[in-house]
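See structure below.
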Amino acid sequence: MQKTQLLVGAAMLTASMLLVQLPAAAQEADLAKAKENYQSYCRKCHGDEGKGDGPGAAMLNPKPRDFADCAMMAKHSDDEMFKVISEGGDAVGMSADMQPWGGTLSDPEIRAVMKFVHSFCKK
């Protein structure tokens, strides 16, 4: 009886540990995918560190947003940022050079990219 209880207890502990680790693993996978999407769709203009200095930025006027500029980032809501990524800069009165990615990225992918972009601002 005690061995059975010990086995059941160990199994429950193992299961609960796995459940606690799953969200962290899922978050890491989401972050990795967000970084991959940023590299594929945003880096060429916004740069590796989000400073608006990507290889395509030299040809753009106005220059792409500097996501590392915390003061500038604080002026824009998440809803506005989502709309810019989804519908393009024109959708919120910003540069038409910012193309819409809503047909390419899903809403959850856009939100994950937004979270990744916010990580460039280090206060």
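The values are calculated or read from the model by the stated rules, or taken from the named source; none is laboratory data. Note that the structure is a prediction, hence the values are computed from the model and not measured. Counting neighbours? That spans all protein chains shown, and the Cβs are built from the backbone with ideal geometry, glycine included. Accessible surface areas use protein heavy atoms only, side chains included; no ligands, DNA or RNA. Shrake-Rupley method; radii C 1.70, N 1.55, O 1.52, S 1.80 Å.
Scan region 96-120 residue by residue and report those that are open to solvent by less than 30 Å² (accessible area, probe 1.4 Å), over 13 Å from His46 (Cβ atoms) and not in a helix (DSSP H, G or I).
Within region 96-120, just Leu105 meets the criteria.
Answer yes or no as to whether Lys83 is out of contact with any Phe, Trp or Tyr (no Cβ under 7 Å at 6 or more places or on another chain), in a loop (DSSP other than H, G, I, E, B) and charged (D, E, K, R).
Values: out of contact with any Phe, Trp or Tyr (no Cβ under 7 Å at 6 or more places or on another chain): yes; in a loop (DSSP other than H, G, I, E, B): no; charged (D, E, K, R): yes.
When the stated conditions are applied, Lys83 does not pass them.
Return yes when Glu49 is open to solvent by 100 Å² or more (accessible area, probe 1.4 Å), within 30 Å of Asp97 (Cβ to Cβ) and at pLDDT 60 or above and no when it is not. Give the derivation first.
Numbers: open to solvent by 100 Å² or more (accessible area, probe 1.4 Å): yes; within 30 Å of Asp97 (Cβ to Cβ): yes; at pLDDT 60 or above: yes.
Yes, satisfied.
Looking only at region 66-95, which residues are open to solvent by 60 Å² or more (accessible area, probe 1.4 Å) and more than 19 Å from Lys51 (Cα to Cα)?
Asp79, Lys83, Glu87, Asp90, Gly93 - these are the residues of region 66-95 that are open to solvent by 60 Å² or more (accessible area, probe 1.4 Å) and more than 19 Å from Lys51 (Cα to Cα).
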